Amino acid sequence: MRGVNRGWSVAVDVWRMELAQMRTSTLVGLFLAMSMTSVLAQTPQLQTNVVYVCKDGQSFKVFSCDNTTGACDYQNYKNGQAYQRGEALRVQLVALLPAKCHAQTAAEAQADPHRGEIPAAPSPFKARAGAASSGSGSAGAVNSQTGGGGFKVGDTVRVLSDGWQEGRIVQVHGLSYVVHLPNGVDVSKLWPTEVRRLGKLTAEDHAMGQYDLHDRVQVLVNGRWMEGEIRGQNLNMYDIKVHGVDTGFGSDIVNTTPENIRMSTAPAPAAPAQRAAGQVPKPGLTSCAGKYEGRWEHVSGMGGMKVVFRSGKATITEGLGGEMPFDCFTGDGKVVFYKAGSFTPFSYDFDINNDGTLQTPLGAIKKMGN
């Protein structure tokens, strides 16, 4: 086991060095980008069992940290009540101090006491270390050609580097891989957080905390499993859209770690109804065919918005943006736009002015040509 521990230590050291060149991930809306240089310069002391209050209204408390994995067991609060519990790297938490978060003062604790403690979940960092080392007990395993997840030199994998992109493994160091990217750069990435297989993830991948964009999952929120959809990832933190949850300022995005996530077993939602070609999306609207045929631009002659009407269709171009095609309808003194097949109107419509121009969000337009 001594060789395995050295392999895990090497992987952790690589991960820590890698973090010095990456944007720090979001810890339930707290992990704001901060360079490792400034973190090392300040060398703040991360205290356990102390509530840290942050500038954005969030707060958290660290229960313990594991020097082997570099991960800390933490809990965050919402409105003074324990909200979620999970693990994050110590370096991620330290990056918040003292610029973004500070230890709660006695006066703050009296005015806003924080209550509750959520039971700790099994550590994903320890579990993954054990899974990677199972069946291996020699120091030679550190430099073997098969690493965490079963990948080897020459395999093409996906790595988390400014989004997920493909690369070829050129070195294996236990849980850490050196991957050659298409731009010619070699990067060091840690499995399972930053390295995954091509194609569809398996049940084993999900068990190791890997999920892809738009995966339908269940997420543990306030002690209850709720249906959601993966919308983003930063290292070991996932952004999950959960209908009916308000995590602050009207957001329904929950940020959490893999131990609070599992694949959904609920039936997939029915596909939204599709509007037939030429079908009016709702009563009171009529097709704009024959009413505004031609090219319409700003009355001032300046650029900004161009709309081409043709046979009940409208193609809108905003500034330097690309063309956006719509079905076009009129009703209640407005020109409204719908994507083909959709019953949901576009985010804005045009008012019909008395002088024959159309009032857009970027100013009035009039017909300039056929």
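Applying Stokes-Einstein at 10 °C and 1.306 mPa s to the Kirkwood radius of region 59-102, computed over alpha-carbon pairs, gives a translational diffusion coefficient of 146 µm² s⁻¹.
Exactly which trypsin sites (Lys or Arg not before Pro) in region 204-254 are in a DSSP loop and have at most 10 other Cβ atoms within 10 Å? In loop regions of region 204-254 (DSSP not H, G, I, E or B), there are no sparsely surrounded trypsin sites (Lys or Arg not before Pro). Straight-line cross-link reach from Lys366 at under 22 Å between alpha-carbon atoms covers these lysines, not counting any fewer than eight positions away in the same chain: Lys291, Lys306, Lys313, Lys334. Computed in the context of the full set of protein chains, the accessible area of region 214-279 at 1.4 Å probe radius has 54% of its extent on carbon or sulfur. Close amide H pairs (under 5 Å, H built 1.01 Å from N) link Arg231 with His214, Asp239, Ile240, Lys241, residues at least 5 positions away or on another chain. Of the chymotrypsin sites (Phe, Trp or Tyr not before Pro) in region 217-286, the ones in a loop by DSSP (not H, G, I, E or B) with at most 15 other beta carbons within 10 Å are Phe249. For Phe63, nonlocal amide neighbours, meaning residues 5 or more places apart or on other chains whose placed amide H falls under 5 Å from its own, are Asn49, Asp73, Tyr74, Gln75. Applied to region 333-348, the Karplus parametrisation 6.51 cos²θ - 1.76 cosθ + 1.60 on θ = phi - 60° returns per-residue 3J(HN,Hα) values of x, 9, 10, 10, 10, 9, 5, 3, x, 9, 9, 9, x, 5, 5, 9 Hz, with x for Gly and Pro. When the listed pairs Lys282/Lys367; Lys61/Lys200; Lys55/Lys200 are checked against a 29 Å cut-off, the alpha-carbon distance exceeds it for Lys61/Lys200; Lys55/Lys200. When the accessible area of region 150-210 is split by element with a 1.4 Å probe, what percent falls to carbon and sulfur? Carbon and sulfur atoms account for 52 percent of the accessible area of region 150-210. Local charge for Cys328 was computed over the other residues whose Cβ lies under 12 Å away, with Lys and Arg +1 and Asp and Glu -1, and equals +2. Computed in the context of the full set of protein chains, the accessible area of region 282-370 at 1.4 Å probe radius has 54% of its extent on carbon or sulfur.
The values are calculated or read from the model by the stated rules, or taken from the named source; none is laboratory data. These numbers come from a predicted model, not from an experiment. Positions of Cβ are generated from backbone atoms using ideal geometry, with glycine treated the same way; all protein chains shown enter the neighbour counts. To get the accessible areas, we keep the full protein, side chains included, count just its heavy atoms, and leave off ligands, DNA and RNA. Shrake-Rupley method; radii C 1.70, N 1.55, O 1.52, S 1.80 Å.
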